[in-house]
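I have placed the structure first, in the form of structure tokens, so that the comments after it can refer back to it.
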Amino acid sequence: MEIEILSYPDDIWEDILEQAFDTAGFAAANTLAGVLSREDLDLYSILYIADEIRKLADHFHNFIIMDEAQNYTDVGEYIAQHERGYQIGEYMDDFADYSKLGEYIARERDGMFMGSCFICMEDRCDLETILHGSSLEIELGGCRCSKQN
């Protein structure tokens, strides 16, 4: 099937529509064409955002999602239980300040409470490297943010 975009001559939009048609069918390609034809839409901004979404999806395994974490104490307890180097012995549990540990993790790993969970990056991985670093830097430069194949 030949797809022609009259208002946007770039080949990239034609490729996007053809891919949508091939993978999702005619209805999806038609819906996408309707969205792309809106005059108030900045298509190049959409491409930029789509690229960032793809990068985040490629590195989804580098995010830690703490379901049901409601506060920094929950975050600190989770990290102490699940990450090497933050473990607290059973006799020291009463003396640990999990709230301070949770605040530290949030600050150091770009953490954020979202709904009923807390999301942060793995140790030695940062969002800036994922979004703006080259894939070679990400894979070989010492950051554990490697692309999962």
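Laboratory data are not the source of any read-out in this text; all were calculated from the coordinates shown. Worth saying up front: this structure is predicted, and the values here are computed from it rather than measured. No Cβ is skipped: glycine too gets one built from the backbone with ideal geometry, and neighbour counts run over all protein chains shown.
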Review point. With each pseudo-label sitting 7 Å past Cα toward Cβ, what's the Ser99-Met112 distance in nm, one decimal?
Key: 2.4 nm
Exercise for review: Compute the FRET efficiency between Glu122 and Glu90 as 1/(1 + (r/R0)^6), taking r as their Cβ-Cβ distance and R0 = 30 Å, and round to the nearest 0.05.
Suggested key: 0.70
Point to revise | Extension gain (nm, one decimal) between Asp15 and Ile46, 0.36 nm per residue minus Cα-Cα | key: 9.7 nm
Study note, to complete from the structure: Total charge of the residues flanking Gly115 in space, meaning their Cβ is under 14 Å from its Cβ, with Lys and Arg +1 and Asp and Glu -1, is -3
Revision key, fill the gap. Within segment 81-129, DSSP-loop trypsin sites (Lys or Arg not before Pro) with at most 10 other C-beta atoms within 10 Å are Arg84
